[in-house]
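First up is the structure itself, then whatever we jot down about it.
The values are calculated or read from the model by the stated rules, or taken from the named source; none is laboratory data. Note that this is a predicted model, so its numbers are computed, not measured. As a convention, Cβ positions derive from the backbone with ideal geometry for all residues, glycine included, and neighbour counts pool all protein chains shown.
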Amino acid sequence: MEAAESGCYLFAACALATLFRHPASPVAHSLPNELVRRILMGLAMGAAIMAIVVSPWGKQSGAHFNPAVTVTFYRLGKIAWWDTLCYCAAQLLGAVGGVALASTLLLGAPGHKAVQYAATFPGRHGSSIAFMAELAISFLLMGAIVFSSNHPELSEYTHHVAACLVATYIAFESPLSGTSANPARTFGPAVVSGCWHAIWLYFIGPLLGMLAAAEVFLLARKGHVPYCAKLHHHNSKRCIFRHDGLPPGLSRPCVTAGRQPLE
């Protein structure tokens, strides 16, 4: 499920980048303003995130499709180490599959130099600024996820919050780093294109930023960990994550289908 979600996310990124950037695309010709194209792509990617989270598989797996998110929930004690490894491997492989599928179905158009498989690269300010940008946007994204998912009134809107942040990042932050905040988001295009420029910052930046957000969450909550690792609690899908208390805004725990969450 995580592989499929990651694949869908990267497929959407490649398809939309082709639509808005490829010279043969009528949309690219009708929208010459780069900012307008980024805003529209951000809105479309935000919609893709919401669709993945509320899909049956997204509700089941927790809809991480981001190794940095999964590792951060492992740090917070919500997911077992073996599940963490499997989730991360699936997310990375799914990202590669999504890019490859987009390239196949779109007849190689995502490989055009104007699209570059929707790859993320440092902007004109260089790798240092891109690293700081990835650190910052990842910190804010994970902070929004853990705080909203554990708030009684906001928990059911966690995926909306995450989607709005990513849409905003793509519209306004992408000139700095390309907007990844997700190692799988960068890994997929890198494997298919063979271009590994500054790949380190797209692994280290998001991971450090999200782990820092987890520490701030723990400090603010005096050591109390999040309830669960799902982005969408308000459903009846079986949950494998470790629970603490009750989900915010609900009077019953997540469904575990007659078994304890994995240790």
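Some points to look at:
- Residue that is farthest from residue 98 (Cα to Cα) [pool: residues in region 117-155 that are of a type in the set (D, E, K, R) and in a loop (DSSP other than H, G, I, E, B)]: 153
- Residue 173 vs. criteria out of contact with any strand residue (DSSP E or B) (no Cβ under 7 Å at 6 or more places or on another chain), assigned to a loop (DSSP other than H, G, I, E, B) and charged (D, E, K, R): no
- Residues of region 225-260 that are surrounded by 19 or more Cβ atoms within 10 Å (Cβ to Cβ) and either more than 21 Å from residue 211 (Cα to Cα) or modelled with pLDDT under 80 (or both): 233, 239, 240, 247, 248, 254.
- Wholly within region 1-96, helices (runs of 4 or more DSSP H) carrying at least 2 residues that are crowded, with 20+ Cβ neighbours inside 10 Å and small (Gly, Ala, Ser): 2-21, 34-54, 56-61
- Flag if residue 138 is under 23 Å from residue 212 (Cα atoms), out of contact with any helix residue (DSSP H, G or I) (no Cβ under 7 Å at 6 or more places or on another chain) and not charged (D, E, K, R): no
- Qualifying residue in region 186-195 (condition: closer than 27 Å to residue 231 by Cβ and touching a Leu at 6+ places or on another chain (Cβ under 7 Å)): yes
- Among the residues of region 98-116, the one identified as among the small types (Gly, Ala, Ser), within 24 Å of residue 134 (Cα to Cα) and in a helix (DSSP H, G or I) is 98.
- Of residues in region 199-224 being surrounded by 20 or more Cβ atoms within 10 Å (Cβ to Cβ) and more than 24 Å from residue 4 (Cα to Cα), the one farthest from the chain's Cα centre (by Cα): 217
- Residue 222 vs. criteria touching a Phe, Trp or Tyr at 6+ places or on another chain (Cβ under 7 Å) and assigned to a loop (DSSP other than H, G, I, E, B): no
- Taken over region 109-130, the criterion of being among the aromatic types (Phe, Trp, Tyr) and crowded, with 21+ Cβ neighbours inside 10 Å is satisfied by 117 alone.
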